[in-house]
Structure formats: structure tokens, C-alpha cells
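Working notes for the structure below.
The values are calculated or read from the model by the stated rules, or taken from the named source; none is laboratory data. Since the model is a prediction, treat every value here as computed from it, not as a measurement. Cβ atoms come from the backbone with ideal geometry, glycine included; neighbour counts cover every protein chain shown.
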Protein chains: 2
Amino acid sequence: MVERRKPISVQEAVSKVMNHVHLMPEEIVSIDDSDDGVLAEDIYADHDVPPFNRSPYDGFAIIAEDTSHASRENPVTLEVIEEIGAGDVAQNSVGHGQAIRIMTGAALPKGANAIVMLEIVHEKNDGKKIEIKRHIKKFDNISWQGEDTEKGALLLEKGHHVTPGVKAVLATFGYAKVKVYKQPVIGIIATGSELLNVSEPLVPGKIRNSNAHMIISQVKQAGGMPKYFGQLKDDLEQSFQGVKKVLSEVDALITTGGVSVGDFDYLPDIYQKLGAEVLFNKVGMRPGSVTTVAYLPDSGKILFGLSGNPSSCFVGFELFAGPYIKASQGLNNKFLDNVEATLTHDFPKPNPFNRFVRSRVTFENGYWHSQPVGLDKSNIVTSLIGANALMVLPGGTRGYQKGDKVKALLLNGEGSEQFCL
Amino acid sequence: MVERRKPISVQEAVSKVMNHVHLMPEEIVSIDDSDDGVLAEDIYADHDVPPFNRSPYDGFAIIAEDTSHASRENPVTLEVIEEIGAGDVAQNSVGHGQAIRIMTGAALPKGANAIVMLEIVHEKNDGKKIEIKRHIKKFDNISWQGEDTEKGALLLEKGHHVTPGVKAVLATFGYAKVKVYKQPVIGIIATGSELLNVSEPLVPGKIRNSNAHMIISQVKQAGGMPKYFGQLKDDLEQSFQGVKKVLSEVDALITTGGVSVGDFDYLPDIYQKLGAEVLFNKVGMRPGSVTTVAYLPDSGKILFGLSGNPSSCFVGFELFAGPYIKASQGLNNKFLDNVEATLTHDFPKPNPFNRFVRSRVTFENGYWHSQPVGLDKSNIVTSLIGANALMVLPGGTRGYQKGDKVKALLLNGEGSEQFCL
């Protein structure tokens, strides 16, 4: 019997997945193990930045008024009474006619109200005196305590990715350890009796399994820890036991293949035996219309049943599994960024469903341009190489023309909080 | 004595660095250890794709002409003579009045010249017969051998990043092992007597070392393997010995701090003692003007002397060290992508040098907008958090106004082959 499936919209499908996100527990890691993690705590300033009034340059701390009448013709000479390094604090106060030599980052000595840069003074008497040939304004070249950030300020909210800039902030404010969300372990299982391993020679009727290797990379990119369990056997009971065991070792499971309406596609039966709630098994999109997502109410674990064909698999991952993995790791920007782009080629084939066309977007002359890569046949693996975006062509009765404005979802972007079509 | 340094242009500085790239040796790794690596060999198709004429759907292989007169009122009935799975090859040929049930991806049986999708046939007699109510065109639903890629075709040139799509291609064409460039080991040393470790409490005059942690992340992002060696001592001979030892363990070295013109900045002396050729020690840019790059002719190793202040350090890394690391790993797209953006705020302060202003770019209503983050003072660490671009403001005698078009170098982009200002 052929099962008749009712397609739901892509937006609806994304919402259903997002309503079943299982947030990972928190863990405390060393700052240098936090790269690419997601903050599970808000980050506050434990001190003013700068923590004291300080010099942004190598130079001399002086009293600005001493230079009121200084000029090229009439330089003022000051006595250098002390010399301090960046981490030192001056022993003396600066009095009129005096200067303290000071390094970048060093605290402004008492009495001084300006820094004059090293480059614009003339040192005399072996550095015991300096000559200044211009008027230095009061408060010149002083980085003021707290001018960047005041103690207690909220710097970062949880859900933020740990980037190099975030690392700098964590280090500055003493977060030697930081609370992040654990990475979800994502199980991957391939199905399909036509699949050979990458190291096997081709034989008639078979193809090499490319999806598993692709998905492993996609999981890593999304922040998950991929765990590949190989292929399911062509036996329902064995496969059911296999999936059940895998589920005990992972936070979520991705399968490739086995979700079409053919008789040999037994994942629907496995979902049923597991007691999983099928959130959807048909989505109004091309490729990837048979993408299936199911949910285990007991454990809160989710199962992504991606199509076995490479492009459907790729698109199904990017639209549903990728955002899920990011959301389960607490990331705010879990969806693909989108930009408006100009179509560079006609795309005449109309389709009743939304199409997600692997494309190469480039930014030229102030605009994004979107070029479909390869033919848009869902089984074409090489077209994925150059793609850096999924171009969205809403379903309808007409095709698209060169020059049309389209949306493109960026595969390498920063991410967005909202899913936008 | 204050050393007078002659600034060179940013473009010139980038060229000097690129002229001294030391390409890493190749290594052969398993496909699943190749993620984020850079291909060190061209990739060719070892077979046609598809490797045989095959079905893109679950359905029935038929002779199209058998359906010439089929209609809703006058369906044609065919006998199902065999049923094959995706990896199987049919034992029989399809004759007139016959059909073979076929799974997605399975080879087209002999005799057949079209596939009819499972969904549009009516199965009868327990699947022994099918009824078709429409005319199926010759060659309908056949994925032709070689229609994607022909055997022997060049698929990817070396210098390409290993992305999920590339992994799929490698797997498809039997690259169980693949030649990539080794990751360069990048030593990191902090200098500055004012620096505390992240776990130390603040004391007057001192700040926590944030640069090292930031650079560690930046090195990882650029594809290098960071190795942090802690801080140099405030003693020239000890420091020289320290740097020398570190250089024997790394492919390139990044130091933070110690490159200003202050007396306590002894990296220039260390370069001299090492016999290093200083490529430049002043660049016409803000921040990061004191960024220094030196080169060891004997070993081919390069030394990046980044400024000690966080923003200068960040910018110096992104402009010089990041592209170097990528180039040394053989990556073609080693430079930051750039886009044209509209300035969202006045930036009135003129500067004779090119400024690289940490900014947040967003894409709205068909255009990029660029907003400077935080104040543009080079010591402000928190402004790095939200930055996703370096806005380029060419040096000159006037400031910039809201609405001006500016270039922005994207920190999270795909990368570009050319350095563009």
C-alpha cells in the first residue's frame, strides 16, 4: 500500500522541530577549552576598564599647564624624575616642571593631567630632561578608568558563541573558567542496500556512501559531536534493535535514506516500534520533501530522517538538523542568515513547492548575485562543492528569470535568531 | 634614542608577508580527519555520475510506448515481473506489457525506457499488476549515466577547503584517504610586565592578559594549531633564549606586545640577535601601526610582532597573521572577503592613516550597513564582542559621514583570493 503523506510548509516544519529542542546541560570549562562553545552564563565586568587612568602610549606624564607657552621657538624643558614600566605604579607625584616617563598601559602618576607621546619630545641630558615644543592640552592621551566598561556591567548574555573577541573579554574579566553548554552527541546511521563504503570499488547498481561523510562535517560545523554508527542491515528487527542501542548513546540521531514511500524504506516502522511521535514526514519543498522528523516523548530525543539522495540530505540537514543542534547547544543565532540577491540565470522550471537551490552567491558592485550551481537535480553531488548558499524560490506556477530578486540563505554566515523565508 | 620608523602601506605590508610564505608539507589523512583541512591534490572523478542510468524515484521501470493511449478512462495494465532494491540489478528485461518495480537509485533495467513514480500508479493483485492512467513520456524520470560528471573530470583543484560538500565529493569518488597540507603550529608568546594571568586578582597598574587567549582562538579559526608558551621575562638574554627555543618547536611565532618604541620593548633587539630580517615595523594604519613582521632566512620561519593593545593585536592578526597561516596551509582564499556597506553613523575624526574600525555589518533592504562598535579607542576590549567586520576608512584630512559608502572586511566570510582595500 502506498502511504499518502500530507506535506506541511517549511516554516511549520521548522517550528515543530524548534518546539522539541532538548537543551543540553551546562558544564564548566577552562577558558581555552571554550572556543566555539556557547555561553551558558551571562558575563559581567568584575572591574572598570580601564581599571585605572592610564597611558595609551609610551611617553611622559606631565602637568599640561607647564606647556601653555611652549612653541617651536620657545620649548619648555621638564625634569624627568622617574621612569616606570607598564605594570609599575609611580613612586612620585608629578610637580610643576617635572615629568615621569611612562610606558603604554601604565597608570597615570599622581599630579599629572596629560601624557605627551614619546615621539614628539626631545630627550636631553641622557634622558634626565625633556624638551616639548608645543602646547599639550589638559587630559590629552589619557584613557580614563571605566571609560570602556564599568564594573558590574553586563557584557554578554548567555547563548552567545565564544569567538576570539569573546575570549578576550572573558580573559580581561577573570573568567579562567566559564560555563558553556555541552556539545550534543549526534548519532549518524546510513541506510540503503545500494551503499558501498568509500574504500570499496564500484560494482554495478551500487554507489559509494557520501552522505555519512558529508553529514559528519555538517554536524561538526553546527557545533555537534558526530558519532557514525555505519549502516543499518536490511532487516527490520535487527535495524530496530540497532537504532534503539544507538539512541542510548547519543543526544539526537540522524539517519540518511529509508524515508521514502518504497516498501524497503522501513524507518517509519522503526519510529512506530520506538514509540516515536512523527512530527512530519513530508515537507512542501524540493529537494528533501520526504524529510522526516520524529520525537521520543520519554527521553526527549529527536530523530532526523533525511533523504538518501545527497542534495536532499544536505538541504534537510541545513534547514532542520543544523538549527536543532545549535539550539540544543543554547545558541541564539541558530538559523541561516539570509540576504536578498539578484538571480544571474533564468530558472524557468516552475514548481508548486518551495525550491532550495544550491547556489553560489557573490557580492559585486553593491549587490548580492546568486548563481545556481550545477543542474538542479537532487542527485547531483558535485554541485554541492561550490555552493555557499541555498537560494529560495517560492513555489508557484511560473519560473524565475535572470534579474529577479531572490532570497539566499548563507551557508557560512554568522547565523540569525529568526528563521526567514 | 627614539627610533624613527618609516611606515609602509597596508597593501605593501601584506605583499611582503605573502612573499615570505613557507608552504607546509603535505600529509595523507583519512577522509574523516580532513574536515576544515586544505586539499593538497587535485580531485578527479573515478567514475561517471551517475555510474549507470538509474531511477531518481521509487517506481516502476516500463516501456513508455505501452502507455501511449493510457488515460483516466482507459488505464493500461502492466504485469510486474520483478522487484529490485536500490543496490540490486534486475535479472530480467522489461518487455511490452511488463514492468519492474524499482527503488530510488536502482539501475534502469534492460528494455525499459522510462520510470513511472510509485505515487501515480494503482497496484492490483497484491502488487502483481499495476494500472497507469496517463501517458508516460520516453526517458521520463531517468538519471543518465555521466549526466552529472564524467569519469576523469577534474572536480576540485588543490587549495580548496574541505567543506561538507567537498567531503561528499571525496566519498563519492573513493577518496578514503586524501592529501592535505599539514596545519602549521603557531607559537604564541605574550610580553608585558603589566600582564596578569586570567586567574589572578587585579592589582594596581596591572591588567589581565587577554591577547593570548584571543590569539589562540584566532589561530584556530585561521586553521593553525596554537601553542601558547606564556610570557617572556623582562630580561633580554633570557627572552632571547626563550624565543630561540620556541622557534625550534613551531612553524611561525606570534608575540603580543614589546614592539612599540619604548625602551622596555626589546623585541627589535631579539630580532637582531636572531638574525631576522625585519620586513616592516611600522604600517600606515590605525590601530596596529607598530605591527612588526620579521623573517628568518635560514629556517624560513616568520615572526609576527603584534601590538600589546587588544584592538591593535586583533587587527594586526586579521590583516597579516591570519592570511599568512591560511596561505602556509595552501588555502587559496586566504584574505578577508570584502563588501561595500553604508555607514550608519558619522565618524568625524579625520586621520592621516587608513583606519580599520571594528564594526557590525548587517544586511537590510538589499544593502549592507556598517556600524562602528564601541568607541574607536584602540584599548577597548569589549568593542570586539559584537564586531563581525573591519570597516576600512582610508586616511585623509576629512572624517566620514552617515550614508557614506565604505568597504568592510568580513571576519566570518568564506575568504577571498585577493587582498582588497
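Of the residues making up segment A:73-107, those that are closer than 11 Å to A:ILE63 by Cα and surrounded by 21 or more Cβ atoms within 10 Å (Cβ to Cβ) are A:LEU78, A:VAL94, A:GLN98, A:ALA99, A:ILE100. Residue pairs whose Cβ atoms lie under 9 Å apart, sitting 6 or more positions apart in sequence or on different chains, and linking a residue in segment A:46-68 that is basic (Lys, Arg) to a partner that is surrounded by fewer than 18 Cβ atoms within 10 Å (Cβ to Cβ) and modelled with pLDDT under 95, are A:ARG54/A:TRP144. Screening segment A:67-125 for residues that are in a helix (DSSP H, G or I) and not acidic (Asp, Glu) and picking the one that is farthest from A:GLN145 (Cα to Cα) gives A:ASN125.
Counting just the residues of segment A:233-264 that are part of a loop (DSSP other than H, G, I, E, B) and more than 24 Å from A:GLN218 (Cα to Cα), which one comes out modelled with the highest pLDDT?
Residues of segment A:233-264 part of a loop (DSSP other than H, G, I, E, B): A:233-235, A:248-251, A:257-264.
Subsequent filtering for residues that are more than 24 Å from A:GLN218 (Cα to Cα) retains A:233-235, A:261-264.
Details: A:LYS233: 79, A:ASP234: 74, A:ASP235: 83, A:VAL261: 62, A:GLY262: 58, A:ASP263: 53, A:PHE264: 61.
Here the answer is A:ASP235.
When segment A:201-226 is filtered for residues that are part of a loop (DSSP other than H, G, I, E, B) and at the interface with chain B (Cβ under 7 Å from one of its Cβ atoms), the ones remaining, listed by number, are A:LEU202, A:PRO204, A:GLY205, A:LYS206, A:ASN209, A:SER210. B:ILE28 passes every criterion in (1) closer than 30 Å to A:GLN221 by Cβ; (2) surrounded by 15 or more Cβ atoms within 10 Å (Cβ to Cβ) apart from (2).
Residues B:VAL293, B:VAL278: which one is outside the structural domain of B:ASN388 (by TED's automatic domain parsing), crowded, with 24+ Cβ neighbours inside 10 Å and in contact with a strand residue (DSSP E or B) (Cβ under 8 Å, 6 or more places away or on another chain)? Break it down stepwise before answering.
Values: B:VAL278 fails: crowded, with 24+ Cβ neighbours inside 10 Å.
Among B:VAL293, B:VAL278, only B:VAL293 is outside the structural domain of B:ASN388 (by TED's automatic domain parsing), crowded, with 24+ Cβ neighbours inside 10 Å and in contact with a strand residue (DSSP E or B) (Cβ under 8 Å, 6 or more places away or on another chain).
Taken together, the residues in segment B:155-187 that are of a type in the set (A, V, I, L, M, F, W, C) and touching a Pro at 6+ places or on another chain (Cβ under 9 Å) amount to 3. For segment B:21-41, the criterion of a residue being within 19 Å of the chain's Cα centre (by Cα), farther than 24 Å from A:GLN231 by Cα, part of a loop (DSSP other than H, G, I, E, B) and of a type in the set (D, E, K, R) is satisfied by at least one position. Of the residues making up segment A:316-331, none is within 24 Å of A:GLU27 (Cα to Cα), polar (S, T, N, Q) and surrounded by fewer than 24 Cβ atoms within 10 Å (Cβ to Cβ).
Considering only residues in segment B:112-128 that are more than 45 Å from the chain's Cα centre (by Cα) and buried (at least 16 other Cβ atoms within 10 Å of the Cβ), the one that is modelled with the highest pLDDT turns out to be B:ALA112.
Results for (1) farther than 30 Å from B:ALA341 by Cβ; (2) crowded, with 17+ Cβ neighbours inside 10 Å; (3) out of contact with any Leu (no Cβ under 9 Å at 6 or more places or on another chain); (4) at pLDDT 85 or above, shown as yes or no for each residue.
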position: A:PHE353; (1), (2), (3), (4): yes, yes, yes, yes
position: A:SER359; (1), (2), (3), (4): no, yes, no, yes
position: A:SER370; (1), (2), (3), (4): no, yes, no, yes
position: A:LEU375; (1), (2), (3), (4): yes, no, yes, no
position: A:MET391; (1), (2), (3), (4): no, yes, no, yes
position: A:THR397; (1), (2), (3), (4): yes, no, yes, no
position: A:LEU409; (1), (2), (3), (4): no, yes, no, yes
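A:LEU253 passes every criterion in (1) over 29 Å from A:ARG5 (Cα atoms); (2) crowded, with 21+ Cβ neighbours inside 10 Å apart from (1).
B:SER311 falls short on exactly one of the conditions (1) assigned to a strand (DSSP E or B); (2) within 14 Å of chain A (Cβ to nearest Cβ), and that condition is (1).
Here A:ALA61 fulfils each of the conditions (1) within 11 Å of chain B (Cβ to nearest Cβ); (2) of a type in the set (Gly, Ala, Ser); (3) assigned to a strand (DSSP E or B) apart from (1). If the condition is being among the basic types (Lys, Arg) and exposed (fewer than 15 other Cβ atoms within 10 Å of the Cβ), then segment B:1-25 contributes B:ARG4, B:LYS6. Within segment A:135-171, the set of residues being more than 10 Å from chain B (Cβ to nearest Cβ) and small (Gly, Ala, Ser) comprises A:GLY146, A:GLY152, A:GLY159.
To keep it simple, each residue is scored yes or no on (1) without any contact (Cβ under 8 Å) to a residue 40 or more places away in the chain; (2) of a type outside the set (A, V, I, L, M, F, W, C).
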{"position": "A:LYS233", "(1), (2)": "yes, yes"}
{"position": "A:GLU237", "(1), (2)": "yes, yes"}
{"position": "A:GLY242", "(1), (2)": "no, yes"}
{"position": "A:LEU247", "(1), (2)": "no, no"}
{"position": "A:ASP251", "(1), (2)": "no, yes"}
{"position": "A:ILE254", "(1), (2)": "no, no"}
{"position": "A:LEU267", "(1), (2)": "no, no"}
{"position": "A:ALA276", "(1), (2)": "yes, no"}
{"position": "A:LYS282", "(1), (2)": "no, yes"}
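B:LEU78 falls short on exactly one of the conditions (1) among the aliphatic types (A, V, I, L, M); (2) more than 16 Å from B:MET117 (Cβ to Cβ); (3) touching a Lys or Arg at 6+ places or on another chain (Cβ under 8 Å), and that condition is (2).
Anything in segment A:76-89 that is modelled with pLDDT of 95 or more and either more than 14 Å from chain B (Cβ to nearest Cβ) or under 48 Å from the mean Cα position of the chain (by Cα) (or both)? List them, or say none. Lay out the reasoning, then the answer.
Within segment A:76-89, the subset modelled with pLDDT of 95 or more is A:76-82.
Passing the criteria: A:VAL76, A:THR77, A:LEU78, A:GLU79, A:ILE81.
Give segment A:394-421 a look and list any residue that's closer than 30 Å to A:THR163 by Cα and in a loop (DSSP other than H, G, I, E, B), or say none. Give the steps one after another, and end with the answer.
Narrowing segment A:394-421 to residues closer than 30 Å to A:THR163 by Cα: A:407-421.
Hits for segment A:394-421 are A:LEU411, A:ASN412, A:GLY413, A:GLU414, A:GLY415, A:GLU417, A:GLN418, A:PHE419, A:CYS420, A:LEU421.
Residues satisfying the criterion are present in segment A:228-241 (criterion: closer than 20 Å to B:VAL166 by Cβ, touching a strand residue (DSSP E or B) at 6+ places or on another chain (Cβ under 7 Å) and within 14 Å of another protein chain (Cβ to nearest Cβ)). Considering segment B:180-200, the residues that are in contact with a helix residue (DSSP H, G or I) (Cβ under 9 Å, 6 or more places away or on another chain) and in a strand (DSSP E or B) include one that is nearest to B:VAL29 (Cα to Cα), namely B:VAL180.
Looking at A:GLY59, is it modelled with pLDDT under 90 and either crowded, with 21+ Cβ neighbours inside 10 Å or at negative phi (or both)? In short, no.
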